[in-house]
Amino acid sequence: MASKEQPSSCSVCGEMIEKNSLCRLHHLAKERLTQGYELWRVAYGSLSYTDYLHSLIALPETGEAVAAVARQILQKKE
Amino acid sequence: MHARSFKRRSEGMTRTLIICEKPDAARRLAEALADRLPPARKRHGLRYFELSAADGIIVVCPVLGHLYTVDARGSRSRREYPVWDFEWKPKYQVERGFERQEGLLRAIHELAQKADRFIDACDYDIEGSVIGYMTLKYACGGADIKAGRMRFSTLTKSDLKEAYINASAQLDHNLVQAGICRHEIDWLYGVNLSRALTESARKSSGEYLNISTGRVQGPTLKFVTEREVQISTHVPIPYWTITAQADIDERTVPLEYSKKRLEKKIEAEDVAANTRNRTGRVERIEERHVSIKPPPPFDLSELQSESYRHLHLGPSQTLRILERLYLQALISYPRTGSQKLPASIGYEAILKGLQKSAGYRDLVSELLSQPVLRPVEGGKADPAHPAVYPTGRLPRRLSTIESRVYDLVVRRFMAAFAPAAERAIQRATVTVSGRYVFYLRGSATVCPGWMRFYQPYGVVSETSIPHLREGQEILFKEVSAVQHFSAPPPRYNPGSLLRMMEHNGIGTKATRSGIIDLLYKRGYVAGEAMRPTLLATKVIEVLEKYCPKIVDVSFTRDLEVKMDRIEAGEATHDGVLSEAVKQLRPVMERLKSDEEMLGRDLRIAVRQLVMEKSMIKVPCPSCGLALRVVRSAKTRKRFIECSGSSTHQCRFTLPLPQLGRLEPLEKFCERCGFQLFATWRWGKRPLVSCPKCYVEGLRRTKSN
Ligand SMILES: [Zn+2]
């Protein structure tokens, strides 16, 4: 059971949460997003996390769930 | 020989009843056994043949597929679950649309009463064996215990005659028991799981939507939803490739960098900067010849996949066409898992038959001039039938698409007897500054071998490289580092999903394509690149949460293996059935006790689907209320109706196409602005139409 402070549904899509206030799909998307950042940093030498997220959102290959998580992280930063 | 004919005479005239699976098969069998085919007789709507032969009267009668089916014992509510008690009943009593079978069963029963010898001549496989057995057991008063079995792989006269003479004295009990067990287990799983889903969703949402799943359907749908998760959570990773061009003999030639994929931008830019406009040196020139064997003869799934690849036909459409070709005695039995062509099929006679066709004459003559005819074979075997092959009979009237599938089968068959192809593979290694290694590649067919026989289906690309010598210097012109991003895995299409099912050993060659069709019909997937609907995602989520075993591929495969063991005589029907029930019982107990939670999990998806299915985005042109798609309770026809039909007495309606899967599009008619609909039919391009313009067109033609 979720405690009183924790939200009861995914902060991206409103589905039932699985972990860290995200549903299963968006939790997985977040995990992959984090892993991907390391590979992008190696590929470009250096890259800020914000630039990484902006690039992902612009790419057609990016999965919908990943793009949604990226947009949410950027919104929180603003 | 003498003794045998004496014995028959002494027995007097026997009356033999032969059960065939389809009307066409019955006609072919009657033709093969009669000197002159008498006109068909009719009884309660059944058309059958009565022939007089040397050993008495032969009655050849067809059934129309399965006449019996599994159903709950007695007559109970179709909403109740779990159900464990079942029996076999005439199909017309259980399912709508099979009313004709009542007369058929009566006719078979009457014919059976006069017969003293029985033969099952249904297709020689699990389904055919069950059809024959059930008909003999229930419609022919227990004749299953004394009936014989004909085995054949083609419907040619010679094969049918031989199968009649060599009919075995008994039915194939292993095949029959394996088939019965499969039907019973599939029924138990399908009915119980589907009712649990449908009922819990209905109680929670108040909407009735038939949510079906099955023993094989669940794991198959899970392949599609899992793929969607991979696509949705795909993070593209950057990588670079090097494209390079050099001038050789006044020709611009592309070169390939030795590392196909570079993970770092800096590395890619280094290669480009240090090789552009530099001179490279040809270090080595290698050439090797490879021999490529012909592809193995067709088993059903490989044939379905080639048909999808080259003719763009869905697996079930291919199967239907193959079925028609088989019934015309043009090809052998298509539901086979074999890639073998035994000599007993008579290679030479088949090829000589094909030689009479102008399109194949020259190729066949080449094959026949070989000292021996020996086909390549694949590893897969099937105890009941060989690989799919042409019978050598030439088609008279085929539709365009049938003749294409026929051509594919014939060419694959011819290719199996043709020599291997030989390809020359060339590679020149070129270095720049001794550090950067590039390749120039070429390939050419030296001897086309079987490829010529399999054309246009097995075309390979030919690329030549210019004449080079070792030590030669060549000038690199344009070199650039091109950035790419890794792509998500592709969505399944019906062909690749079928291969996935086969690869994982779930379903049978007879059932797989039907299960894929069902995913579309049930609204679980849409589009040719299969995208799961919200309902599909929810159903799989719920099944994984409450009964993960049911969608687990290895559990499903294990059960398949056990059922196969009945066929091989290594397990019994009762043993496998009771084990399957033992596995299902706790699952159903849990689903029943969690019914409320399960319903809540499905509720939103069900409501959304019911809404989506019926609502139209354009308001009623006559009263402005919402329009919806409905089905007439009387005629079962679908049409568009105004939602104010009962409350506001709005009479606005529009007709819709009745055949195929209907999908409202997010597009609107350029002429009138009404919502467009797509109608999907297998193997055809989707038909996009505007219901409103359609009606106006009809009115115009009428008034003209
Ligand atoms: Zn979510």
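The values are calculated or read from the model by the stated rules, or taken from the named source; none is laboratory data. These numbers come from a predicted model, not from an experiment. Cβ atoms come from the backbone with ideal geometry, glycine included; neighbour counts cover every protein chain shown. To get the accessible areas, we keep the full protein, side chains included, count just its heavy atoms, and leave off ligands, DNA and RNA. Shrake-Rupley method; radii C 1.70, N 1.55, O 1.52, S 1.80 Å.
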Probe 1.4 Å, all protein chains in place: accessible area of A:H54 in Å², nearest 10? 100 Å²
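At a 1.4 Å probe radius, carbon and sulfur cover how many percent of the accessible area of chain B?
On the way: 17090 of 34040 Å².
C and S atoms contribute 50 percent here.
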Report, to the nearest whole %, how much of the accessible area of segment A:26-77 belongs to carbon and sulfur atoms, 1.4 Å probe, protein only. 53 percent
Estimated distance in nm for a label pair at B:S486 and B:K634, the labels positioned 7 Å out from Cα along Cα-to-Cβ: 6.1 nm
Spin-label point model (7 Å from Cα, Cβ direction): what's the B:T701 to B:F555 distance in nm? 5.4 nm
Theoretical FRET efficiency, 1/(1+(r/R0)^6), r = Cβ-Cβ of B:A40 and B:A358, R0 35 Å, to 0.05: 0.50
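Taking 0.36 nm per intervening residue step and subtracting the Cα-Cα distance, what contour gain separates B:Y439 from B:I401 on full extension? Kindly include the intermediate steps, with their values, before the conclusion.
Numbers: separation 38, 0.36 × 38 = 13.68 nm, distance 4.35 nm.
Residue separation times 0.36 nm, minus the Cα-Cα distance, leaves 9.3 nm.
When only the heavy atoms of the protein chains count and the probe is 1.4 Å, how do B:I465, B:I108 rank by accessible area, highest first?
Numbers: B:I465 30, B:I108 0 Å².
Of B:I465, B:I108, the descending order of accessible area is B:I465, B:I108.
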All other residues with a Cβ under 12 Å from the Cβ of B:A329 taken together, and with Lys, Arg as +1 and Asp, Glu as -1, what is their net charge? +3
Between B:I57 and B:C693, the two model label points (7 Å from Cα along the beta-carbon direction) sit apart by a distance in nm of 6.3 nm
Anything losing 50 Å² or more of accessible area from the isolated chain to the full protein assembly: pick those residues out of segment B:474-495, probe 1.4 Å, ligands and DNA/RNA ignored. B:F485
Summing -39500 (n - 2.57) over the DSSP H runs of n ≥ 4 in chain B and dividing by its residue number, what mean residue ellipticity at 222 nm do you reach, to the nearest 500 deg cm²/dmol? -13000 deg cm²/dmol
How would you classify segment B:300-417 from its alpha-carbon gyration tensor, with a ≥ b ≥ c the square roots of the eigenvalues: rounded for a/c under 1.5, else prolate if a/b is greater than b/c, otherwise oblate? oblate
Need one number: buried accessible surface between chains B and A, 1.4 Å probe, both sides summed, DNA, RNA and ligands left out, in Å² to 100. 1700 Å²
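Take B:M13, B:M563 and sort them by solvent-accessible surface of the protein heavy atoms, 1.4 Å probe, largest at the top. Numbers along the way, then the final one.
Details: B:M13 135, B:M563 5 Å².
Accessible-area ranking of B:M13, B:M563, largest first: B:M13, B:M563.
Considering every residue in A:21-32, what mean count of other chain Cβ atoms within 10 Å of its Cβ is obtained? Provide the component values of the computation, followed by the final result.
Working: counts 0, 0, 0, 3, 6, 2, 1, 4, 5, 1, 2, 4.
The shielding value for this peptide is 2.
With every protein chain left in place, what is the accessible area per residue of the protein assembly as shown in square angstrom, probe 1.4 Å? Write out the running numbers ahead of the final one.
On the way: 38970 Å² over 782 residues.
For the protein assembly as shown, the solvent-accessible area averages 50 Å² per residue.
Let me know the charge dipole size of the protein assembly as shown about its Cα centre in debye, to the nearest 20, where only the beta-carbon of Lys, Arg (+1) and Asp, Glu (-1) is charged.
2540 debye
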Lysines whose Cα lies under 30 Å from that of A:K76, excluding same-chain neighbours fewer than 8 positions away: A:K4, A:K19, A:K30, B:K538
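Which of rounded, prolate, oblate describes the protein assembly as shown, given a ≥ b ≥ c as roots of the alpha-carbon gyration tensor eigenvalues and a/c under 1.5 marking rounded, otherwise prolate only if a/b is larger than b/c? Mind dumping the intermediate values first?
On the way: a/c = 1.93, a/b = 1.21, b/c = 1.59.
Here the protein assembly as shown falls in the oblate category.
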What does the accessible area of B:S622 come to, in Å² to the nearest 10, when a probe of 1.4 Å is used? 80 Å²
Anchor B:K582: lysines whose Cα lies under 26 Å away (excluding residues fewer than 8 positions away in-chain): B:K89, B:K222, B:K545, B:K549, B:K562, B:K592
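Ignore the peptide's own chain and count Cβ atoms of other chains within 10 Å of each Cβ in A:52-61; give me the average, rounded. Please report the intermediate quantities before stating the final value.
Details: counts 1, 0, 0, 3, 3, 0, 0, 5, 4, 10.
So the per-residue partner count for this stretch is 3.
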At 1.4 Å probe size, with no ligands or nucleic acids counted, give the accessible surface of B:E102 in Å², nearest ten. 90 Å²
Across the residues of B:238-248, average count of Cβ atoms on other protein chains within 10 Å? 1
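With r as the distance between the Cβ atoms of B:S622 and A:S11 and R0 = 56 Å, compute the FRET efficiency 1/(1 + (r/R0)^6) and round to 0.05. The partial results should precede the final answer.
Values: r = 45 Å, r/R0 = 0.80.
Here the calculated transfer efficiency is 0.80.
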With charges only on Cβ, +1 for K and R and -1 for D and E, what is the dipole size of segment B:300-417 about its Cα centre, in debye, rounded to 20? 280 debye
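Could you compute the FRET efficiency for B:K592 and B:H173, with r as their C-beta to C-beta distance and R0 at 35 Å, rounded to 0.05?
Numbers: r = 37 Å, r/R0 = 1.04.
It comes to 0.45.
Hey, got the dipole for chain B? About the Cα centre, +1 on K and R Cβ, -1 on D and E Cβ, debye to the nearest 20? Present the calculation step by step, with values, prior to reporting the outcome.
On the way: 111 positive and 81 negative charges, 494 e Å.
That gives a dipole near 2380 debye.
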When a/c is below 1.5 the answer is rounded, else prolate if a/b is larger than b/c, else oblate, so apply that to segment B:273-339 with a ≥ b ≥ c taken from the square roots of the Cα gyration tensor eigenvalues. prolate
For B:S554, B:S205, what's the largest-to-smallest order of accessible area, 1.4 Å probe? B:S554, B:S205
